[in-house]
Amino acid sequence: MLTVEKLTKDFGRTRAVDDLSFHVRPGVVTGFLGPNGAGKSTTMRMMLGLDRPTSGTATIDGRPYRELDHPLRQVGALLDAGWVHPNRSARSHLRWMAASSSIPARRVDEVIEMVGLTSVATKRAGGFSLGMKQRLGLAGALLGDPHTLLFDEPVNGLDPEGIVWIRNFMRHLAGQGRTVLVSSHLLTEMSLTADHLVVIGQGRLIADCSVGEFTSRASSSVRVRSPRLPDLHRVLAEAGLNVVPLTASDGRPALTVADVTTDQVGDLAGQAGIALHELTGTSASLEEVFMSMTAGAVQYQGGGPPAGPGIDPRTQGGPR
């Protein structure tokens with residue numbers, strides 16, 4: 001288990017991580033999310049002993065990384081896919097890593113096959129695409145067959161097939177009972193990969209819960225159609241619900257009701273004897289909830305598209 005307790009990191013007058021605490025449990029994929037500059041990479045570097053905390057602790061099974069007896073056999077990490085000597089082949093790079101930790105050389109070819117690099121194992125890593133370097137970095141993380149794995153943006157540079165492959169592979173690793181922490185800015189992908197989320201902003205914890213619990217924090221709404229729409233509108237409004245008329249994509253009139261469930265609307269319609277032709281609930285996506293909950297913790301925000309040639313931005317309703 002990965003444990004972060006009251007972790008704080010200052011860089012001069014800038015506080016990158018602020019009294020952060022959470023646990024990463026084995027057997028599930030935990031997504032580590034936050035806006036750019038939120039402190040995700042700094043936190044992961046402190047977990048691996050690459051940055052010294054100002055205060056607090058980050059431990060693996062109760063011990064700091066620097067105190068582990070066989071680090072590569074206990075923790076595998078992919079933080080920077082470019083960390084490889086460009087003149088070494090993929091196989092030579094992994095053999096060097098294996099020799100440094102007394103890992104049998106046969107394991108090198110095993111992990112090369114796992115990540116799909118067998119055909120380029122003898123080629124210079126400097127000529128690899130970013131996606132191939134990601135696969136090589138993943139092979140290095142798996143080299144010691146560790147029980148704990150940390151991945152920082154592992155799908156960066158991968159094509160759609162590669163993204164699906166690594167998604168399934170991470171879930172397979174978690175299914176083996178390993179502890180898997182993955183940081184990513186691809187929120188749609190995280191909604192398909194992660195079981196649990198740790199969300200931070202400006203170095204502080206925002207959420208530590210399952211994906212379902214996180215998305216349920218957003219308000220839900222219901223769309224409803226009925227042959228007696230005016231009567232239904234009156235019944236729902238008298239119940240104190242926020243009802244807004246709309247026109248469905250097929251041109252038929254409907255109502256949308258905010259902050260309510262389909263059960264509530266259905267019960268009210270049934271009690272009034274009003275037939276329904278549609279009753280559809282909608283919920284916010286992971287991306288929508290994430291944007292809403294981290295809106296106040298975004299370090300860099302765009303100011304909108306630039307004005308075109310000859311256009312005075314003061315007349316376009318933009319920032320002045």
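The values are calculated or read from the model by the stated rules, or taken from the named source; none is laboratory data. These numbers come from a predicted model, not from an experiment. We place every Cβ from the backbone using ideal geometry, glycine too, and count neighbours over all the protein chains shown.
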| field | Those helices (runs of 4 or more DSSP H) lying entirely in the range 74-154 with at least 2 residues touching a strand residue (DSSP E or B) at 6+ places or on another chain (Cβ under 7 Å), in the same structural domain as residue 60 (by TED's automatic domain parsing) and under 20 Å from residue 178 (Cβ atoms) | value | 130-142
| note | The one condition residue 156 fails out of (1) surrounded by fewer than 16 Cβ atoms within 10 Å (Cβ to Cβ); (2) among the polar types (S, T, N, Q); (3) over 30 Å from residue 10 (Cβ atoms) is (3)
| note | In the set 66, 91, the lone residue that is modelled with pLDDT of 95 or more and of a type outside the set (A, V, I, L, M) is 91
| query | Given 42, 30, which one is buried (at least 16 other Cβ atoms within 10 Å of the Cβ), part of a strand (DSSP E or B) and among the hydroxyl-bearing types (Ser, Thr, Tyr)? | reply | 30
| Which one of the conditions (1) assigned to a loop (DSSP other than H, G, I, E, B); (2) of a type outside the set (Ser, Thr, Tyr); (3) surrounded by 18 or more Cβ atoms within 10 Å (Cβ to Cβ) does residue 177 fail to meet, given that it meets all the rest? | (3)
| remark: Among 69, 61, the single one that is closer than 26 Å to residue 169 by Cβ, surrounded by fewer than 22 Cβ atoms within 10 Å (Cβ to Cβ), assigned by TED's automatic domain parsing to the domain that holds residue 97 and acidic (Asp, Glu) is 61
| message | Go through the range 53-74 and report how many residues are within 16 Å of residue 6 (Cβ to Cβ) and without any contact (Cβ under 8 Å) to a residue 24 or more places away in the chain. | response | 1
| request: Hey, can you tell me all the residues within the range 1-41 that are closer than 12 Å to residue 183 by Cβ, of a type in the set (Ser, Thr, Tyr) and modelled with pLDDT under 95? | output: 41
| remark: From the option list 252, 225, single residue qualifying as basic (Lys, Arg) and buried (at least 16 other Cβ atoms within 10 Å of the Cβ) is 225
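Residue-by-condition table, conditions (1) touching a Ser or Thr at 6+ places or on another chain (Cβ under 8 Å); (2) more than 17 Å from residue 80 (Cβ to Cβ); (3) not hydrophobic (A, V, I, L, M, F, W, C):
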| site | (1), (2), (3) |
| --- | --- |
| 94 | no, no, no |
| 100 | no, yes, yes |
| 110 | no, yes, yes |
| 116 | no, yes, yes |
| 119 | no, yes, yes |
| 123 | yes, yes, yes |
| 127 | no, yes, yes |
| 136 | no, no, no |
